[in-house]
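Novice: I am attaching a structure below and will ask some questions about it afterwards.
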Amino acid sequence: MKQLTVSQDRGVTTLTLDAPENRNALSAQLVNGLAQALAECGKDSGVRAVVLTHSGPTFSAGADLKEPPNPYGFVALLRQLVELPKPVVARIDGHVRAGGLGLVGACDIALASAGSDFAFTEVRLGVAPAVISLPLLPRLEPRAAARYYLTGERFDAARAAEMGLVTEAAEDVDEALASVLGALRKGSPQGLAEAKALATARVLETFDRDAEDFVQRSASLFASKEAREGMTAFFERRDPAWVL
C-alpha cells in the first residue's frame with residue numbers, strides 16, 4: 001500500500017503522507033519510508049529544502065495502534081529530521097494528533113492553516129507524549145506544554161503558534177509556503193546547513209540526554225494495564241474505565 005508520495009520542484013522535495021484512509025497514522029511502513037526518503041534528500045546536492053505535508057484532512061493521527069513503529073525507529077526518524085542538513089518545512093492543513101505533533105516539532109519551520117487543530121491525546125489512552133517530547137519540549141512554552149499534555153484538549157493553529165509548536169498560523173497556508181520556499185531557494189546550501197545546525201543545537205542536546213530514558217518510559221507505558229484498557233476503549237468507541 002502506498003503511504004508516501006515524493007515529488008520535486010526547483011530544488012524542493014515534497015514528501016506527502018499519503019494514507020488518508022488511515023488518517024496518515026504512523027505505521028512501521030510509513031516511518032521506514034519517510035526515513036529512506038529523507039536519507040535520499042540528504043545525499044542529493046540538488047535538494048535545497050524538504051516539505052513535509054499530507055493528503056486528506058489529517059496531517060497525522062499519531063502512532064498506528066494496529067501496526068506501531070519501533071520506538072527506536074521513530075526516535076531515529078525524529079532525529080533525522082532535526083539533523084538533516086537541509087531545512088524541513090511542515091505544511092499542515094487539517095488535524096494533528098499525538099505522534100504527529102512529534103513530526104511537526106522536528107521540522108525547522110511549520111506552517112499551519114488557520115483551520116488546523118492539534119491535540120496531545122496520549123493521556124486519554126493511558127500513556128504520555130514521551131518520545132515526541134524530544135523535539136517538542138525545547139521549543140514549547142512550558143505552561144502551554146503542561147496544560148495540553150495533561151488535558152488532551154484540542155487547540156487551534158493560532159494557539160499552536162503562540163506556544164511555539166508552529167511557526168505561523170496562515171489564512172492561506174500555500175501562499176505562506178510559497179513565500180518561505182522562495183526565501184530558502186536564495187540561501188546557499190552551506191549557509192542553510194550551518195544556520196540549521198545553530199538553530200537545532202538545543203534540540204539535539206535533548207536527544208543525546210533523554211532519548212533512551214524516554215523510549216524506555218514509552219515502552220513501559222504502552223505495556224501497562226491502563227494503556228491496554230485505553231486502547232481497547234478507543235477501538236470499541238467507548239470511554240475507558242477511569243473516566244469519571
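The values are calculated or read from the model by the stated rules, or taken from the named source; none is laboratory data. What you see is a predicted model; the values in this text were computed from it and never measured. All Cβ positions, glycine included, derive from the backbone under ideal geometry; neighbour counts span all protein chains shown. With ligands, DNA and RNA removed, areas are computed over all heavy atoms of the protein, side chains included. Shrake-Rupley method; radii C 1.70, N 1.55, O 1.52, S 1.80 Å.
Novice: Hey, what do the phi angles of the range 57-63 turn into as Karplus ³J(HN,Hα) couplings, whole Hz, using 6.51/-1.76/1.60 and θ = phi - 60°, x for Gly and Pro?
Specialist: These are the phi-based 3J(HN,Hα) values: x, 10, 4, 6, 8, x, 4 Hz.
Novice: Quick one, can you get me the convex hull of the C-alpha atoms of the range 128-244 expressed as volume per residue in Å³?
Specialist: 157 Å³
Novice: A follow-up question, please. Among residues other than P129 whose Cβ falls under 12 Å from its Cβ, what is the net charge (Lys/Arg +1, Asp/Glu -1)?
Specialist: Surrounding charge for P129 is +2.
Novice: Still on this model: Rolling a 1.4 angstrom probe over the protein heavy atoms, how many square angstrom per residue are accessible across the chain?
Specialist: Roughly 48 Å² per residue, with all protein chains present.
Novice: Using a 7 Å offset from the Cα along the Cα-to-Cβ direction at both F234 and D213, what is the distance between the two label points in nm, to one decimal?
Specialist: Each label point is offset 7 Å from its Cα along the Cβ direction, giving 2.5 nm.
Novice: On the accessible surface of the range 95-244, probed at 1.4 Å, how many percent belong to carbon and sulfur atoms?
Specialist: 54 percent
Novice: Could you derive backbone 3J(HN,Hα) for the range 43-53 from the dihedral phi with the Karplus parameters 6.51, -1.76 and 1.60 (θ = phi - 60°), listing whole Hz in sequence and x where the residue is Gly or Pro?
Specialist: Residue by residue, the range 43-53 yields 8, 8, 5, x, 8, 8, 7, 10, 10, 10, 9 Hz.
Novice: Still on this structure, I have one more. Can you tally the net charge around G164? Count Lys and Arg as +1, Asp and Glu as -1, for every other residue whose Cβ sits under 9 Å from the Cβ of G164.
Specialist: -1
Novice: Sort 52-61, 202-211 for me by packing, meaning the mean count of neighbouring Cβ atoms within 10 Å per residue, highest on top.
Specialist: 52-61, 202-211
Novice: Report the trypsin sites (Lys or Arg not before Pro) located in the range 1-78 that are in a DSSP loop and have at most 14 other Cβ atoms inside 10 Å of their Cβ, or state none.
Specialist: K2, R10, K66
Novice: Using a 10 Å cut-off on Cβ atoms, rank the peptides 177-184, 25-32 from the highest mean neighbour count down.
Specialist: 25-32, 177-184
Novice: Here's something else I'd like to know. Just to confirm my numbers, what's the Cα centroid distance between the range 175-214 and the range 1-57 in Å?
Specialist: 17 Å
Novice: Would you work out the charge dipole size for the range 1-113 about its Cα centre, treating the Cβ of every Lys and Arg as +1 and the Cβ of every Asp and Glu as -1, and quote it to the nearest 20 debye?
Specialist: The dipole magnitude comes to about 100 debye.
Novice: For the pairs K43/K186; K2/K43; K2/K225, note any where the Cα-Cα span goes beyond 30 Å.
Specialist: The answer is K2/K225.
Novice: Tally Lys/Arg at +1 and Asp/Glu at -1 over every other residue whose Cβ is under 10 Å from the Cβ of W242; what's the total?
Specialist: -2
Novice: Suppose every K and R has +1 on its Cβ and every D and E has -1 on its Cβ; what is the size of the dipole of the chain about the Cα centre, in Debye to the nearest 20?
Specialist: 220 debye
Novice: Amide H of A170 versus every other amide H placed in the peptide plane: which residues, excluding those fewer than 5 positions away on the same chain, fall under 5 Å?
Specialist: A112, S113, A114
Novice: Going by a ≥ b ≥ c, the root eigenvalues of the Cα gyration tensor, does the range 55-95 fall in the rounded group (a/c under 1.5), the prolate group (a/b larger than b/c) or the oblate group?
Specialist: oblate
Novice: Additional query: With the contact rule set at Cα under 8 Å and sequence spacing of 6 or more, what percent relative contact order holds for the range 1-53?
Specialist: Across the range 1-53, relative contact order equals 44 percent.
Novice: Pairs of Cα atoms under 8 Å, at least six residues apart: use those to get the relative contact order of the range 21-136, whole percent.
Specialist: Once divided by the residue count of the range 21-136, the mean separation gives 27 percent.
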